[in-house]
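Here is the structure we will look at.
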Amino acid sequence: MTEITCITPIDGSVYATRPVASRADVAARLETARTAQRDWAARPLAERIALVEEGVARLDRVNADLVQELAWQMGRPTRTGGEMGGVRERSGYMAGIARRVLAPEVIEDDAKFRRLLAREPVGLVLVIAPWNYPFLTATNTIVPALIAGNAVVLKHASQTPLAGERLAQAFAHLPDGVFTNLFLDHATTAKLIAARSFGFVNFTGSVAGGQSIERAAAGTFTALGLELGGKDPGYVRADANLDAAVDTLMDGAFFNSGQCCCGIERIYVAEPLFDAFVEKSVAWVSKLILGNPLEQATTLGPMASRRFADTVRAQTAEAVAAGATALVDKGLFPADTGSTAYLAPQILTGVDHSMRVMTEESFGPVVGIMPVRDDEQAIALMNDSRYGLTASVWTEDPDVGQSIGARLETGTVFMNRADYLDPALTWTGVKDTGRGAALSHLGYLSVTRPKSYHLKRL
Ligand code: NAP
């Protein structure tokens with residue numbers, strides 16, 4: 001591959017092309033990054049924090065352009081206002097805890113011994129980012145990695161090449177080489193990882209992509225953070241606030257056209273609430289406006305590519321052929337002609353776990369809803385998945401929410417909310433959703449290594 005191409009989902013035309021970095025260019029830029037990292041790590045922490053915060057502010061200043069570019073690159077409606085609210089919140093939190101988390105832990109310091117446990121940067125951090133939240137997913141690692149004294153190399157998704165460039169511009173005030181954006185193909189990325197070029201690689205994307213990265217790193221002992229796919233469930237108990245559950249779970253399922261790592265993809269509802277929940281959900285979804293993401297009225301944009309829309313179409317058609325009922329009137333969404341990235345939202349009932357739409361990641365605007373008898377059945381169904389990123393439990397009782405949560409195989413338990421990353425809590429997954437810990441104080445552990453100092457006075 002010599003060029004990467006971004007096809008816009010708005011009209012299927014070519015929106016951007018960029019040359020793939022040559023081997024010589026990659027080698028030279030990594031060498032610059034290695035040199036720059038040593039000086040960067042030697043700077044006082046307060047200086048690094050201030051410079052990284054300035055980078056976030058520089059990104060924020062061009063948010064109006066980012067919002068337009070996001071619509072063109074991956075179809076997110078401009079009315080959503082972009083990602084900078086979350087980027088500011090998470091970056092601010094990570095900057096705020098840095099002094100405490102990165103300070104050496106002094107075990108003993110007296111006439112005889114000075115013993116301390118320090119955290120040091122791992123060197124070069126490679127961030128491989130996806131298109132679905134191109135700024136949020138990338139900055140989750142970029143910000144703590146830079147603050148901790150690493151140099152960062154970013155390989156952004158081919159669907160969102162401008163996001164990589166925008167991040168590079170935002171951090172262009174850092175010394176040359178501290179932040180490097182590279183247009184890399186998969187083969188070169190794998191070779192660099194296999195050659196031990198990085199101290200830590202954070203990959204956010206598909207399970208298949210994560211497996212390739214793990215294979216590339218095999219035997220190198222390179223530390224990996226793998227934030228992969230999900231099939232996140234919602235469970236509405238009989239004591240739930242029905243209207244709040246409908247609002248939040250529908251938003252969780254359909255925001256960003258369902259292309260959220262922690263989007264709600266399957267819902268289990270206590271039998272007494274099932275009919276009302278379904279009826280209100282269908283009414284909620286029927287009000288969405290599918291269309292050109294550049295238009296202010298549009299609340300549901302196209303999926304990022306026709307290929308993704310076709311996957312969801314196939315899952316939905318298979319489920320219907322196997323007996324599921326599609327409840328949302330497609331006629332309300334004329335922008336869906338059946339052959340583009342524009343896909344009408346859909347709610348399915350009469351579904352079960354023999355159907356791919358209830359077990360495989362859809363990553364699109366469809367959700368299946370099943371009635372459940374009790375907590376036991378709901379827990380069993382929620383855990384019947386190869387994924388585990390988040391689960392959203394709806395109940396009025398926090399003790400019940402927590403005790404159900406304790407039995408769920410998942411990275412995050414939500415009660416009465418969904419689809420949100422709390423920067424003070426760790427973003428992590430179980431099973432095929434991957435490994436590692438982003439955000440929170442644990443996020444700093446991924447981008448640093450421990451170093452022990454045992455100093456004896458004679
Ligand atoms: P993807 O195809 O795996 O791509 C993600 C990123 O990885 C892109 O930059 C892609 O580059 C790169 N990539 C993929 N395979 C690679 C390989 N073998 N070598 C080097 N780079 C490789 O994923 P996607 O479809 O774009 O993203 C959606 C997926 O991400 C969903 O499964 C979603 O659940 C997951 N996700 C998870 C989280 C989380 O926190 N757990 C957050 C967001 C998204 P190219 O674009 O150049 O192929």
With eigenvalues of the C-alpha gyration tensor scaled by 5 and rooted, the chain, Å | 39, 27, 19
What length, rounded to one decimal in nm, is gained on full extension from ARG61 through to LEU332, with 0.36 nm per residue of separation minus their alpha-carbon distance?
-> 93.8 nm
Note down the magnitude of the dipole of region 226-294 about its Cα centre, charges +1 on Lys and Arg C-beta and -1 on Asp and Glu C-beta and zero elsewhere, to the nearest 20 debye.
-> 160
Cα-derived Rg over Rh, computed across region 280-431 with Rh taken as Kirkwood radius = 0.99
Ratio of Rg to Rh over region 64-217 (Cα coordinates, Kirkwood Rh, two decimals) = 1.05
What per residue convex hull volume, in Å³, comes out for region 120-188 when only alpha-carbon positions are used?
-> 80
For the chain: lysine pairs with Cα atoms under 23 Å, gap of 8 or more or different chains, count?
-> 7
Length-normalised contact order for region 288-430 - Cα pairs under 8 Å, 6+ apart - percent = 17
Centre separation in Å (Cα based) which lies between region 1-58 and region 214-249 = 28
Compute the relative contact order of region 392-443 as a whole-number percentage, counting only Cα pairs closer than 8 Å that sit 6 or more residues apart in sequence.
-> 30
For the chain, what does -39500 (n - 2.57) per DSSP helix run (n ≥ 4), summed and divided by total residues, give at 222 nm, in deg cm²/dmol to the nearest 500?
-> -12500 deg cm²/dmol
Apply the Debye scattering formula to region 339-407, with a single equal point scatterer on each alpha-carbon and no solvent, then give log10 I(q)/I(0) at q = 0.26 Å⁻¹.
-> -1.33
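Report D for region 210-368 in µm² per second (integer): Stokes-Einstein, Kirkwood Rh on Cα pairs, 10 °C, 1.306 mPa s.
Translational diffusion coefficient: 96 µm²/s.
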Among VAL125, PRO365, GLY177, the residue whose Cα sits farthest towards the positive end of the charge dipole of the chain (+1 at Cβ of Lys and Arg, -1 at Cβ of Asp and Glu, taken about the Cα centre) is GLY177
Filter the trypsin sites (Lys or Arg not before Pro) in region 353-458 to those in DSSP coil with at most 11 other Cβ atoms within 10 Å of their Cβ, and list the result.
-> ARG373, ARG457
Radius ratio Rg over Rh of region 6-55, counting only Cα atoms, Kirkwood formula for Rh = 1.25
Integer Hz, Karplus 6.51/-1.76/1.60 couplings in order for region 334-342, x for Gly and Pro = x, 5, 8, 8, x, 9, 10, 6, 6
Quick one: putting +1 on the C-beta of Lys and Arg, -1 on the C-beta of Asp and Glu, what dipole do you get for region 336-405 around its Cα centre, in Debye to the nearest 20?
-> 340
Mean separation of Cα contacts under 8 Å (at least 6 apart) over the residue count of the chain, i.e. the relative contact order in percent, is 19
Return P(r) of region 1-157 (all Cα-Cα pairs; 5 Å bins starting at 0; whole %; ordered from short to long distances).
-> 1, 8, 14, 16, 16, 15, 12, 8, 4, 2, 2, 1, 1, 0, 0
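Every number here is computed from the coordinates shown, using simple stated rules; none is lab data. Remember, it's a predicted structure, so these values are computed and weren't measured experimentally. Positions of Cβ are backbone-derived with ideal geometry, glycine not excepted, and every protein chain shown enters the neighbour counts.
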